[in-house]
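Asks: Dropping the structure in here first, questions after.
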Amino acid sequence: MSSKNRIAVLTSGGDSPGMNAAVMEVARFAAKAGMPLIGIKRGYNGLIGKYSPQDSYTEMSIDTVLDIADLPGTYLRTARCEEFYQPEYQEKAVRFLRSINVAGLVVIGGDGSYKGAQRLCELGMPCIGIPGTIDNDLEYSETSLGFDTAVNVCMDAVRAIRATSRSHDRPAVVEVMGRNCGDIAMQTAMSTGSEVLIVPEVKNWKIEDVSKRLSELHRRGNTRATVIIAEGAYQTMKPFDVYDYLKDFTQVFPGEGISARRLAHVLKYKTGMEVRYNIIGYVQRGHEPTAQDAAFAFESGSMAVELLRNGIGNEVIGMRRGRIFHMPIDKALKIRPRFKRHIYQLVNSL
Ligand code: ADP
Ligand code: F6P
């Protein structure tokens, strides 16, 4: 293969299940199209000369990628890159890519990574974005690589937590990831029959209302309800409640802000029930991809290579009504998140 049609791929931002599968598919479709592939390591850091060449990029052979496809994590490593917000580093990245004869770049990451790709496109380097984030906070696409896996991890964990809650007749608070997006929490609550859902999209929610709801459920015979809280929701809680109810607990947990542990303690204090807490954490990111995420990786890899092969850049790939599509990065980034309030209300209504 000549280096004429060479392209590159990188993973950036938080890792997400399916990133390796997407890299493998980019490699397989690139090989089929006769386009050599370079893997850029550690996100945008690999483009700006921050590390040694062997820590910054590598030729991707089919042999390598076949071994990594269904591994969790990202073989290329991922990272945030502070320097990349500055134009001089973006220009340096384009110069570097040109110096190694790269004519197009596939960026697998979230909205931050897409903004980096947008800058590279403006500087004349065609980029294609594949949505890689468990948070599902890219509104233009119905799903992103890793979201389905994260939800399945949460669902399995919550089912197990509900089993022990049931055995002991006691409620549980379960914190899931998602940054400022409540999608993982919402999907987890629906798929487990959880009774209480708290998401960052709802501003000024009150602990008082959550405790009333738990007490009401208890009165109706539900002694083992599950409260699913998205990690970003602590920031949107009504502060008055925090100060009012936490003052007794600051001595017990000094220096700790509101957290799943504190929420559970406040609820225990207010309802008189033995509320326990759980934080699901990084298993949501470090799991093997589900079939849905791996299949999305397959289609995304195929489309990314096809677009670059046709000289098209400045586009991102997404999924809508089960169909893969692409659209301009700028347009995709302008679509504001829409909160599925009806689902939130339904979960909290039963
Ligand atoms: P994600 O891609 O998951 O949203 P981040 O928001 O942390 O993750 O972004 C990943 C990286 O993308 C950042 O560390 C930075 O290198 C790059 N990036 C983010 N925003 C911009 C921006 N506005 N301009 C240039 N690069 C950006
Ligand atoms: O964006 C993915 C995500 O896992 C979020 O859900 C979470 O808030 C964040 O990354 C944590 O990032 P890190 O572990 O890299 O600090």
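The values are calculated or read from the model by the stated rules, or taken from the named source; none is laboratory data. Just so it is clear, the structure is predicted and the values come from calculations on it, not from any experiment. We place every Cβ from the backbone using ideal geometry, glycine too, and count neighbours over all the protein chains shown. Accessible surface is based on the protein model in full, side chains and every heavy atom, while ligands, DNA and RNA are left aside. Shrake-Rupley method; radii C 1.70, N 1.55, O 1.52, S 1.80 Å.
Asks: Determine, yes or no, whether SER113 is open to solvent by less than 20 Å² (accessible area, probe 1.4 Å) and in a helix (DSSP H, G or I).
Replies: yes
Asks: Specify the residue that is modelled with the lowest pLDDT; the eligible residues are those in segment 218-247 that are touching a strand residue (DSSP E or B) at 6+ places or on another chain (Cβ under 8 Å) and aliphatic (A, V, I, L, M).
Replies: Among them, the one singled out is MET237.
Asks: I would also like to ask the following. For segment 137-144, does any single residue satisfy the condition of being within 12 Å of ligand 1 (Cβ to nearest atom), open to solvent by 20 Å² or more (accessible area, probe 1.4 Å) and not β-branched (Val, Ile, Thr)?
Replies: Within segment 137-144, one or more residues are within 12 Å of ligand 1 (Cβ to nearest atom), open to solvent by 20 Å² or more (accessible area, probe 1.4 Å) and not β-branched (Val, Ile, Thr).
Asks: Tell me, yes or no, whether segment 36-49 has at least one residue that is assigned by TED's automatic domain parsing to the domain that holds THR133, over 20 Å from the mean Cα position of the chain (by Cα) and at pLDDT below 95.
Replies: yes
Asks: Tell me, please, whether a residue that is outside the structural domain of ASP137 (by TED's automatic domain parsing), open to solvent by less than 30 Å² (accessible area, probe 1.4 Å) and not polar (S, T, N, Q) can be found in segment 268-278.
Replies: yes
Asks: Now for a separate question. Has segment 123-142 got any residue that is touching a Phe, Trp or Tyr at 6+ places or on another chain (Cβ under 7 Å), closer than 20 Å to LEU76 by Cα and within 11 Å of ligand 2 (Cβ to nearest atom)?
Replies: yes
Asks: Can you tell me how many residues within segment 25-39 are open to solvent by 20 Å² or more (accessible area, probe 1.4 Å) and either hydroxyl-bearing (Ser, Thr, Tyr) or within 13 Å of SER302 (Cα to Cα) (or both)?
Replies: The total comes to 5.
Asks: Still on this structure, please answer the following. Taking TYR57 as the residue in question, decide whether it is at negative phi and within 19 Å of the chain's Cα centre (by Cα).
Replies: For TYR57, the condition - at negative phi and within 19 Å of the chain's Cα centre (by Cα) - is not met.
Asks: Next up: Out of ILE128, ILE134, ILE40, ILE100, I need the residue that is within 14 Å of ligand 1 (Cβ to nearest atom), touching a strand residue (DSSP E or B) at 6+ places or on another chain (Cβ under 8 Å) and of a type in the set (Val, Ile, Thr). Which one?
Replies: Exactly one residue qualifies, and that residue is ILE40.
Asks: Okay, moving on. Residues to consider are THR64, THR58; find the one that is more than 22 Å from GLU91 (Cβ to Cβ) and outside any helix (DSSP H, G or I).
Replies: Only one candidate qualifies: THR58.
Asks: Just the residues that are within 11 Å of ligand 2 (Cβ to nearest atom) and either more than 14 Å from the chain's Cα centre (by Cα) or over 20 Å from LEU346 (Cα atoms) (or both), please, taken from segment 176-194.
Replies: Hits for segment 176-194 are MET177, GLY178, ARG179, ASN180.
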